[in-house]
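Undergrad: Here you go, one structure.
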Amino acid sequence: MDVVIEPSTVRGTARAPPSKSYTHRAILAAGYADGAVVTDPLVSADTRATARAVEAFGGSVDVAEGESQLDVTGFDGRPVVPDDVLDCANSGTTMRLTTATAGLVDGTTVLTGDESLRSRPQGPLLDALSTLAARAVSTRRNGQAPLVVDGPIAGGAVSIPGDVSSQYVTALLMAGAVTDDGIRIDLSTELKSAPYVEITLDVLDAFGVEAGRTDGGFAVDGGQRYDASGEYAVPGDFSSLSYLLAAGAIAAPDGLTLTGAVPSAQGDTAIVDVLDRMGAAIDWDRAAGTIDVSRSSLSGTSVDVSDTPDLLPTVASLGAVADGETHIQNVEHVRYKETDRVSAMAEELTRLGASVTEREDELVVHGGESTLVGTRVDGRKDHRIVMALSVVGLVAEGETTVEHAEHVDVSFPDFFDVLYDLGGTVHHRHGTG
């Protein structure tokens, strides 16, 4: 599906969608428990994949009350052998988190996903599980899915790199709590995307599981039991909120109010500081969970995305509109997402008339040298690329056609409806993308 964006302004009030990162972890934590009710979840393509995984391991997940809650019956720390291959679709989080779950199974689990997911690195997690005495292999022997995992593991100590994906740490911590011996994780390289592990620790704490940092990494004791004490409420998603905040900063002369912006462990709350440093008129009332933002003259800045990789597309789009240069640094790990988001944003922003310099570990957007003109751009079947390019379409001259727009279903299914309700000129075209 293509979506066409025309130059337009936005105004009014919108609510942040629920956090994808928290929803994934809450669904799986409820699966590790004997059950729980997850309220205010994000029901999307990615989180449905995690729900299917919980069901494959012996639990059940029922969507109730207009998607306002998930009623989860868990497998109580004892996942069973799935009846079929576990298809994680496009969800890297699902694959990594549940590969460790598969390590607990007394039997064989096969995990796969779509073409994009089958290109993403899983080797360090497979090596860690192998260290813990599981059989964990890539069928193509390239560290990528399909994966075959034979357990069960009892726990122990592992060493993994921290600069490929923090999800390896999350996966091992969540599974380690229900092993006999627990798991100690020593990081062989600096941890990137560290706030995502903080999200994991936050969710584990809510489910009564003790885990934390050590001098060299992280550890979780074994023999623990997940207990949600009834309900777990998912906070709003700042990764998704970043696109609406960006839209407000470049296209809301009368202001935009965003609700559901409750403080949490999410690293992507950094987008508020980034916009402030770029000169946006922005105010976050943390107690009320509201952010007010309005169109402003933005100036380029430097942003380190080592801990906030999902913000790269948003910041790159803002840089194309701002005056001066925007330097996005420590970007190499952002190349291993649904697509190489560094190259994707460099190439698609260039199509729109932006001046961009791509380096191995840096993306520089020369806003002062950019004249944005609408054209056809490729969303790369990546939800974050689609939304970031759509924001640019609000201010590019003429029509901007974004291909593969349906992939917003991964994290923000209602994105285009919200943009339209706020006043954006948005048209859907089927059958051409």
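Undergrad: Of all residues in the range 40-75, count the ones that are touching a strand residue (DSSP E or B) at 6+ places or on another chain (Cβ under 8 Å), touching a residue at least 12 places away in the same chain (Cβ under 8 Å) and among the acidic types (Asp, Glu).
TA: Total meeting the criteria: 2.
Undergrad: Output the number of residues of the range 166-188 satisfying the condition of being touching a strand residue (DSSP E or B) at 6+ places or on another chain (Cβ under 9 Å) and either surrounded by fewer than 20 Cβ atoms within 10 Å (Cβ to Cβ) or assigned by TED's automatic domain parsing to the domain that holds VAL331 (or both). Quick ask: steps written out before the conclusion?
TA: Here is the first cut: in the range 166-188, the residues touching a strand residue (DSSP E or B) at 6+ places or on another chain (Cβ under 9 Å) are 168-169, 172-177, 179, 181-188.
Narrowing further to those that are either surrounded by fewer than 20 Cβ atoms within 10 Å (Cβ to Cβ) or assigned by TED's automatic domain parsing to the domain that holds VAL331 (or both): 181, 184, 186-188.
Adding up the residues that qualify gives 5.
Undergrad: Just to be sure I understand, how many residues within the range 219-255 are surrounded by fewer than 16 Cβ atoms within 10 Å (Cβ to Cβ) and outside any loop (DSSP other than H, G, I, E, B)?
TA: 2
Undergrad: Scan the range 365-401 residue by residue and report those that are touching a residue at least 40 places away in the same chain (Cβ under 8 Å), more than 17 Å from GLU338 (Cα to Cα), in contact with a Leu (Cβ under 9 Å, 6 or more places away or on another chain) and outside any loop (DSSP other than H, G, I, E, B).
TA: Those that are touching a residue at least 40 places away in the same chain (Cβ under 8 Å), more than 17 Å from GLU338 (Cα to Cα), in contact with a Leu (Cβ under 9 Å, 6 or more places away or on another chain) and outside any loop (DSSP other than H, G, I, E, B): VAL365, GLY367, SER390, VAL391, VAL392, GLY393, GLU397, THR400.
Undergrad: Next question. Looking only at the range 347-364, decide whether some residue is within 23 Å of GLY12 (Cα to Cα), in a helix (DSSP H, G or I) and not aromatic (Phe, Trp, Tyr).
TA: Applying the first criterion (within 23 Å of GLY12 (Cα to Cα)) to the range 347-364 yields none.
No, that holds for no residue.
Undergrad: If you don't mind, there's one more thing I want to ask. Taking ALA251 as the residue in question, decide whether it is modelled with pLDDT of 95 or more and outside the structural domain of ALA154 (by TED's automatic domain parsing).
TA: In short, yes.
Undergrad: Being under 17 Å from SER159 (Cα atoms) and surrounded by 24 or more Cβ atoms within 10 Å (Cβ to Cβ) is the filter here; which residues of the range 100-125 pass it? Give the derivation first.
TA: First, pick out the residues of the range 100-125 that are under 17 Å from SER159 (Cα atoms): 100, 103, 121-125.
Matches in the range 100-125: ALA100, GLY103, GLN122, LEU125.
Undergrad: What single numbered condition from (1) buried (at least 22 other Cβ atoms within 10 Å of the Cβ); (2) out of contact with any strand residue (DSSP E or B) (no Cβ under 7 Å at 6 or more places or on another chain); (3) at pLDDT 95 or above fails to hold for VAL410?
TA: Failing condition for VAL410: (3).
The values are calculated or read from the model by the stated rules, or taken from the named source; none is laboratory data. Bear in mind the structure is a predicted one, so any value in this text is a computation, not a measurement. In this analysis, Cβ positions are derived from the backbone assuming ideal geometry, glycine residues included, and neighbour counts consider all displayed protein chains.
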